[in-house]
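Reading through the structure tokens given below for one structure.
The numbers here are math on the coordinates, done by the rules we state, and not lab data. A quick note: this is a predicted structure, and the numbers were derived from the prediction, not measured. When we count neighbours, we look across all protein chains shown, and the Cβ atoms used for this are built from the backbone with ideal geometry, even at glycine.
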Amino acid sequence: MNFELILVNPAYAAHIALIQLNRPKELNALNLQLMLELKQALSQLDDLEEVRCIIITGNQQAFAAGADIKQMESKNAIDLLKIDQFETWDQIRKTKKPIIAAVSGFALGGGCELAMTCDMIIASESAKFGQPEIKIGIMPGAGGTQRLTRAIGKANAMEMVLTGKFISAEEAQRMGLVNRVVPEEIYLDEAVKLAKEIALMSPIAIRLAKESVNKAFESGLQEGLYFERKNFYMTFASEDQKEGMNAFVEKRKPIFTGK
Ligand code: DAK
């Protein structure tokens, strides 16, 4: 998996793949090429049976400081319509395997939106989250008004989106945007620890459970409960369900194979 603007290691640890955004001089600004590479990498990792969990990270200074302003500056609305970047972003959202964002430094604009498109966020103490698009005369376009509002509530989201102010990792945790905050030296290790825990579970049950949790964002309660029920039944079609329950009864650790 050779890309130019991201580094991909499909076997960073057992069953865990790592994607590192790699435009450090530009604070990992998300240009079209980087997003396309990210989409391709995620799609390839989704197809690799040995991969059970994916981590996306940047570097200590920046997860990503947003979409590439220099690339967007001269574009008009029709250019954007034709480029149709939303298709790329949708593809990220559709990744079946769980994705953890390991965030240090700036996660701004599209960077914050990318982290929120992932399933969980582990933040370093230096992480700063923000939707500063308003300061450059635009507004969030990849989920910043929707996912952020669902995560931290209307009042907090409104203030961030309308003022462009950054929030610290600690504030982000208090508001429910991130899973936890750890020292900068160990934020990636912490993400790997979480990924390892997930990788021990049945990949089938994990996939169905991720789908079901995401459904809670897209549907009313009854529809969500109905969807959950179907996926719950579906787990009983797997060998992993037998293995998990047998292991419990036999007082041993289960070994899940994804069958
Ligand atoms: N784009 C391009 N270059 C960027 C950048 C960005 N977003 N952020 C930083 N850089 C570049 C800087 O230009 C600088 O490059 P040189 O001038 O050295 O060539 C280098 O990275 C280092 O940045 P600074 O010198 O500014 O570093 P500081 O530590 O002083 O400041 C900062 C760090 C993060 C506070 C500052 O760089 C900053 O304010 N950056 C912009 C943050 C921002 O406004 N982000 C939101 C961008 S709009 C869409 C999907 C998503 C989006 C839109 C559409 N569709 C699906 C259609 C998203 C939009 C956005 O994210």
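Observations on the model:
- Cross-link pairs exceeding 30 Å in C-alpha to C-alpha distance, out of Lys97/Lys230; Lys154/Lys210; Lys94/Lys128; Lys94/Lys251; Lys215/Lys242, comprise Lys94/Lys251.
- When each of the peptides 136-144, 198-206, 100-108 is scored by how many other beta carbons lie within 10 Å of its residues on average, the order from highest to lowest is 100-108, 198-206, 136-144.
- Tensor-based shape of region 111-229 (alpha-carbon gyration tensor, a/c under 1.5 rounded, otherwise prolate or oblate): oblate
- Normalised by 2.2 N^0.38 Å, where N is the number of residues, the alpha-carbon radius of gyration of region 162-254 equals 1.46.
- Residues whose placed amide H lies under 5 Å from that of Phe3, excluding near-sequence neighbours: Val8
- Contact order relative to length of the chain, as percent, for alpha carbon pairs under 8 angstrom and 6 or more apart: 16 percent
- The fraction of all Cα pairs in the chain landing in successive 10 Å bins from 0 to the largest distance is 7, 29, 35, 21, 7, 1, 0, given as whole percents.
- Calculated log₁₀ intensity ratio I(q)/I(0) where the Debye formula runs over C-alpha points of region 48-197, q = 0.13, 0.14, 0.19, 0.20 Å⁻¹: -0.57, -0.66, -1.16, -1.26
- Order by protection proxy (mean Cβ within 10 Å, highest first), peptides 87-93, 217-223: 87-93, 217-223
- Length available on full extension from Ile136 to Ile69: 0.36 nm per residue minus the Cα-Cα distance, which gives 23.2 nm.
- Solution diffusion estimate, µm²/s, Stokes-Einstein, region 75-121, Kirkwood Rh from C-alpha pairs, 37 °C, viscosity 0.692 mPa s: 273 µm²/s
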